[in-house]
1. So which residues in region 29-62 are touching a helix residue (DSSP H, G or I) at 6+ places or on another chain (Cβ under 8 Å), within 13 Å of residue 169 (Cα to Cα) and in a helix (DSSP H, G or I), if there are any at all?
2. How about region 122-137: which of its residues are assigned to a helix (DSSP H, G or I) and exposed (fewer than 14 other Cβ atoms within 10 Å of the Cβ)?
3. Can you confirm whether residue 70 is in contact (Cβ under 8 Å) with a residue 12 or more places away in the chain, more than 16 Å from the chain's Cα centre (by Cα) and in a loop (DSSP other than H, G, I, E, B)?
4. Is there any pair linking a residue in region 154-176 that is part of a loop (DSSP other than H, G, I, E, B) to one that is surrounded by fewer than 17 Cβ atoms within 10 Å (Cβ to Cβ), with Cβ under 6 Å and at least six apart or on different chains, and which?
5. Determine whether residue 115 is over 19 Å from residue 47 (Cα atoms) and surrounded by 18 or more Cβ atoms within 10 Å (Cβ to Cβ).
6. Restricting to region 7-25, give me the number of residues that are closer than 15 Å to residue 52 by Cβ and in contact (Cβ under 8 Å) with a residue 40 or more places away in the chain.
7. Please determine whether any residue of region 74-89 is more than 21 Å from residue 168 (Cα to Cα), crowded, with 20+ Cβ neighbours inside 10 Å and touching a helix residue (DSSP H, G or I) at 6+ places or on another chain (Cβ under 8 Å).
8. Filter region 92-107 for residues that are closer than 19 Å to residue 9 by Cβ and free of Cβ contacts under 8 Å to residues at least 40 places away in the same chain; which is surrounded by the most Cβ atoms within 10 Å (Cβ to Cβ)?
């Protein structure tokens with residue numbers, strides 16, 4: 001199964017998050033899944049990719065051509081696919097993935113999460129969407145979504161469009 005991860009590319013994040021990324025990657029690779037990701041060498045993206053490769057798993061990076069500069073992209077990808085721009089990259093990630101895991105990240109990660117959940121809500125895609133809630137990183141976002149549902153800004157069942165866990169094994173079980 002091709003599993004797409006979204007996540008930070010910032011290497012300045014706390015080591016706890018990067019270690020959790022490696023752990024997730026090891027679980028994905030050991031289970032025989034292929035990682036599909038934005039191709040970044042650092043942050044959560046790089047950590048998950050290193051974990052997958054550490055156990056001999058397959059890693060497919062998808063990146064806009066302009067990121068192809070020294071040190072930005074993960075050099076140990078099994079395959080690297082270049083796109084013209086960020087929109088093409090997201091479309092390629094969405095089309096190639098069988099499931100999505102949102103790891104801790106910033107604006108780009110939030111954008112990818114909300115686009116994916118919107119596509120699920122509209123029934124354009126029907127693929128598992130998981131929030132990897134390392135150290136409660138996404139607790140505030142989850143509370144915002146819950147309160148939005150309570151105030152009827154989200155529809156009935158919208159909170160069922162995603163699964164939340166901080167445990168790679170439970171995530172893999174959910175994906176099955």
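The values are calculated or read from the model by the stated rules, or taken from the named source; none is laboratory data. Just so you know, these numbers come straight off a predicted model, no measurement behind them. When we count neighbours, we look across all protein chains shown, and the Cβ atoms used for this are built from the backbone with ideal geometry, even at glycine.
1. 29
2. Those that are assigned to a helix (DSSP H, G or I) and exposed (fewer than 14 other Cβ atoms within 10 Å of the Cβ): 135, 136.
3. no
4. Pairs that qualify, where the first residue is part of a loop (DSSP other than H, G, I, E, B) and the partner is surrounded by fewer than 17 Cβ atoms within 10 Å (Cβ to Cβ), are 154/148.
5. Details: over 19 Å from residue 47 (Cα atoms): yes; surrounded by 18 or more Cβ atoms within 10 Å (Cβ to Cβ): no.
The answer is no for residue 115.
6. Of all residues in region 7-25, those closer than 15 Å to residue 52 by Cβ come to 7, 18-25.
Those left that are additionally in contact (Cβ under 8 Å) with a residue 40 or more places away in the chain: 7, 20-21, 23-24.
Residues that pass the stated criteria total 5.
7. Yes, region 74-89 contains a residue that is more than 21 Å from residue 168 (Cα to Cα), crowded, with 20+ Cβ neighbours inside 10 Å and touching a helix residue (DSSP H, G or I) at 6+ places or on another chain (Cβ under 8 Å).
8. So, considering only residues that are closer than 19 Å to residue 9 by Cβ and free of Cβ contacts under 8 Å to residues at least 40 places away in the same chain, the one surrounded by the most Cβ atoms within 10 Å (Cβ to Cβ) is 92.
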